[in-house]
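Have a look at the structure below, then the notes.
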Amino acid sequence: MSVKQAREFIVSKGVDSFFVDLNSAVKFNIRFFREVFLPPYEGKEIIKQCYEIGWKSLPLISLTGFITGLVFTKQSRPSLAEFGATSWLPSLVAIAIIKALAPLVTALIAAGKVGSNIGAEIGSMRVTEQIDAMEVSAVNPFKFLVVSRVIATTVMIPILMFYTGCVAMLGSYINVHTNEMTSFVAFFEQAFSKISFLDIFSSLTKAVVYGYTIGIVGCYQGYNASQGTEGVGKAANASVVVSMFLIFVEEILIVQITNSIRG
Amino acid sequence: MENERQNRGKDEPVIKIRDLYKSFGSNRVLKDVNLDVYKGENVVVLGRSGTGKSVLIKIIAGLLTQDSGSVCVLGEDVSKLDDKELLELRLKIGFSFQNSALYDSMTVRENLEFPLVRNKKHLKRKEIDASVERVLTAVGLAQTINQMPSELSGGQRKRIGIARTLILNPEIMLYDEPTAGLDPITCIEINNLINRVKEDFNTSSIIITHDLTCAKATGDRVAMLLEGTFAKEGTFDEVFDSNDGRIKSFYNYNFIK
């Protein structure tokens with residue numbers, strides 16, 4: 001690199017581009033909050049996206065949730081059996097699923113399935129000039145594409161999380177019932193005896209934050225895609241990687257905040 | 001809208017570009033570009049690939065901003081408009097993209113309705129249907145109304161792209177390489193369509209192309225863009241007969257003679 005080229009960067013190419021990206025991402029988020037409350041409202045598109053994101057994720061979420069509940073119960077039994085505490089299984093599973101696994105599993109599955117889909121779809125619209133076509137048709141593409149999708153993920157991920165929790169608990173119940181012949185009512189009574197309102201509220205908060213993250217990251221990556229089909233692939237990939245990274249960071253933060261509230 | 005169009009002075013250019021400069025990094029794409037487009041006129045911007053032709057019309061449509069200079073469209077300085085004013089101006093500009101830019105996930109009908117239902121909310125279903133039918137008939141593709149863009153040929157996609165811009169009754173049409181990638185017969189059809197649009201919809205147009213047949217068939221005036229600036233401007237024959245070696249070498253690669 002020549003001296004002249006080197007002087008074009010404040011610190012280095014990588015550091016500079018990180019801060020440029022960060023600045024652009026912050027502006028993108030601010031633009032979302034500015035536009036979400038302003039008319040026109042793309043109600044039809046939001047409902048369509050809710051269907052695409054929610055309904056079409058159900059088979060994968062169902063399978064993953066059910067297996068998570070079943071396997072977690074199966075794996076936990078030997079450890080509890082050593083202390084003769086298998087009767088605590090429903091409580092243990094409920095705590096694990098409601099407080100951590102349901103939001104996290106749902107978010108990670110959605111980041112892979114929904115996030116990559118949003119990144120690729122908007123990215124391909126960017127590189128094939130469909131977004132420009134919206135702009136020159138006097139339509140606000142940000143509102144139509146970004147606001148609708150981010151609202152849809154923010155609404156649907158908590159619903160999917162609730163569904164994942166139910167399916168995982170069902171998987172757990174089947175395993176417990178098969179081994180201990182515990183009744184349905186007894187299982188759920190014991191499972192929820194250790195769950196507080198704060199636990200449910202914290203999980204719901206996590207799901208809302210994860211939903212927003214998946215939507216905004218996918219849209220941001222797609223909206224800023226460049227360099228043809230290669231750019232579309234990169235946008236899809238970055239949507240998954242960045243949203244997964246942020247989900248884990250948010251998980252730690254929300255758990256810390258919840259624990260400090262609990263005291 | 002008709003009155004507004006008629007009231008606009010005949011000698012006042014509908015597009016006025018002055019001292020336009022645009023660079024991408026260290027690559028200076030446009031330098032000292034000046035151009036006037038008058039009402040009811042088709043101006044062809046001719047030049048090799050990568051000379052900044054598409055950049056020029058993207059600046060006119062407000063998709064890109066210039067480094068310096070001014071672009072006035074229908075009396076408005078594009079770079080000084082706020083978002084709302086720019087949207088209003090864009091209702092008067094039709095932009096036909098090189099790759100048509102049809103919305104993949106929508107049918108032809110939905111593609112055509114898309115700008116209409118969002119910009120003219122007072123329209124009833126019957127009026128929307130009538131508008132869709134009108135522009136589809138204008139481009140000769142009424143039978144494709146329920147097809148997806150992926151089911152259309154390249155020429156059909158181009159024509160649907162033009163129809164989508166016509167549905168808002170634009171005063172100005174910007175065509176980005178309208179005949180690129182099409183066979184000669186389809187090129188002639190597109191050229192005829194461009195001329196028909198000018199007559200039937202009373203538009204003024206800028207046609208970006210490197211296709212001399214298209215330039216000759218559609219241009220009232222031709223402006224030759226070389227190395228980011230207009231090297232020659234005039235009728236097709238005036239530009240064609242230029243003694244400028246760079247222009248001659250451009251023509252020598254074509255078989256129009």
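The values are calculated or read from the model by the stated rules, or taken from the named source; none is laboratory data. Quantities reported herein were computed from a predicted structural model and do not represent experimental measurements. Methodologically, a virtual Cβ is constructed for each residue, glycine included, from the backbone with ideal geometry; neighbour enumeration extends over all protein chains shown. Ligands, DNA and RNA are stripped out before the accessible areas are found, and what is left, the full protein with its side chains, is counted by its heavy atoms. Shrake-Rupley method; radii C 1.70, N 1.55, O 1.52, S 1.80 Å.
Residue by residue through region B:21-31, which ³J(HN,Hα) values in whole Hz follow from phi under the Karplus form 6.51 cos²θ - 1.76 cosθ + 1.60 (θ = phi - 60°), with glycine and proline marked x?
10, 8, 10, 10, x, 8, 8, 7, 8, 10, 9
Report the B-A buried area as the accessible area lost on both sides summed, probe 1.4 Å, in Å² to the nearest 100.
1700
If you scale each eigenvalue of the Cα gyration tensor by 5 and take the root, what three semi-axes come out for chain A, rounded to whole angstrom and sorted largest first?
So the equivalent ellipsoid measures 41, 21, 16 Å along its semi-axes.
Just going by the charge dipole of region B:100-252, with Lys and Arg at +1 and Asp and Glu at -1 on Cβ, which of B:SER150, B:ALA217, B:PRO178 is farthest out on the positive end?
B:SER150
How many Cβ atoms of partner chains, on average, are near each residue of B:58-64 if near means within 10 Å of its Cβ?
Other-chain Cβ atoms within 10 Å of each residue's Cβ, averaged: 2.
Using alpha-carbon pairs under 8 Å, 6+ residues apart, how would you state the relative contact order of chain B in percent?
Answer for chain B is 25 percent.
Would you list A:LYS56, B:LYS198 from the most to the least accessible area, probe 1.4 Å?
A:LYS56, B:LYS198
Return the calculated 222 nm mean residue ellipticity for chain B, to the nearest 500 deg cm²/dmol, obtained by summing -39500 (n - 2.57) across DSSP H runs with n ≥ 4 and dividing by the residue count.
Helices in chain B give a 222 nm mean residue ellipticity of -11500 deg cm²/dmol.
Taking the mean number of other Cβ atoms within 10 Å as a proxy for protection, how do you rank B:153-162, A:148-157, B:114-123 from highest to lowest?
Highest-to-lowest ranking by the protection proxy: A:148-157, B:153-162, B:114-123.
Carbon and sulfur: what percent of the protein assembly as shown's accessible surface (1.4 Å probe)?
Roughly 59 percent, rounded to a whole number.
Can you give the Rg/Rh ratio of the protein assembly as shown, where Rg is from the C-alpha atoms and Rh is the Kirkwood radius?
1.10
By the gyration tensor of its Cα atoms, with a ≥ b ≥ c the square roots of the eigenvalues, what is the shape of region B:126-219: rounded for a/c under 1.5, prolate for a/b over b/c, or oblate?
Oblate, since a/c reaches 1.5 and b/c is not below a/b.
Report, as an integer, the average count of C-beta atoms from other chains found within 10 Å of each Cβ along A:126-132.
Counting other chains' Cβ atoms within 10 Å and averaging over A:126-132 gives 5.
Counting only other chains, and only Cβ atoms inside 10 Å, what mean value do you get across the residues of B:87-96?
Rounded to a whole number, the mean comes out at 3.
Express the accessible area of the protein assembly as shown per residue in Å², computed with a 1.4 Å probe while the remaining protein chains stay in the model.
48
Rounded to the nearest 10 Å², what accessible area does B:LYS16 have for a 1.4 Å probe in the complete protein model?
It works out to around 70 Å².
Highest first, please rank the peptides B:131-138, A:192-199 by the mean number of other Cβ atoms sitting within 10 Å of their residues.
Going by the mean number of other Cβ atoms within 10 Å, highest first, we get B:131-138, A:192-199.
Over region A:42-262, what relative contact order in percent results from Cα pairs under 8 Å that are six or more residues apart?
Answer for region A:42-262 is 36 percent.
Using only helices, what value at 222 nm comes out for chain A when you add -39,500 (n - 2.57) per DSSP H run of length 4 or more and divide by the total residues, to the nearest 500 deg cm²/dmol?
Helix contribution divided over all residues of chain A: -26000 deg cm²/dmol.
Please go through the residue pairs B:LYS158/B:LYS248; A:LYS44/A:LYS99; B:LYS92/B:LYS124 and name each one whose alpha carbons sit more than 23 Å apart in this structure.
Exceeds cut-off: B:LYS158/B:LYS248; A:LYS44/A:LYS99.
When a/c is below 1.5 the answer is rounded, else prolate if a/b is larger than b/c, else oblate, so apply that to region A:1-137 with a ≥ b ≥ c taken from the square roots of the Cα gyration tensor eigenvalues.
Taking the square roots of the gyration eigenvalues as a ≥ b ≥ c, region A:1-137 is oblate.
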